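Before any comments, here is the structure.
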Amino acid sequence: MNALTFGDLSARAMRLAILCRSCGRLRYVRSTYPETAVVSDLAKTMQCVRCRSEDVELIGMERDRKSGFWPAEAG
């Protein structure tokens, strides 16, 4: 399986979210990165704003197929 790039996010109409595995905070991130940049590589340089944990994951989020809404931010 190929690594997800910012170009992939754009092509699939997805939004980028950061999920902190320590405190559970989920927030959407503005993705102003080159289309060839790999999402998982960027995650290695980020940390949670709330608890400062570096145990974070960047996730490509899709709209709910039934309602058309984006998943809500949590935390």
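Every number in this text was worked out from the coordinates using simple rules, so none of it is lab data. What you see is a predicted model, and the numbers here were worked out from it, not measured in a lab. No Cβ is skipped: glycine too gets one built from the backbone with ideal geometry, and neighbour counts run over all protein chains shown.
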Rank the residues Lys44, Lys66 as a footprinting-exposure proxy: fewest other Cβ atoms within 10 Å of their Cβ go first. Lys66, Lys44
Most exposed first, judged by fewest Cβ atoms within 10 angstrom, Tyr33, Tyr28 run Tyr28, Tyr33
Quick one: Cys20, Cys51, fewest Cβ neighbours within 10 Å first, how do they rank? Cys51, Cys20
For the range 6-61, what number results from the quotient of the Cα radius of gyration and 2.2 N^0.38 Å? 1.09
Note, ³J(HN,Hα) from phi for the range 20-34, Karplus 6.51, -1.76, 1.60, rounded to Hz, x at Gly and Pro: 8, 6, 7, 10, x, 5, 10, 9, 7, 10, 6, 10, 10, 10, x
Calculated from DSSP helices alone, with each H run of at least 4 adding -39500 (n - 2.57) and the total divided by the residues of the chain, [θ]222 nm to the nearest 500 comes to -3000 deg cm²/dmol
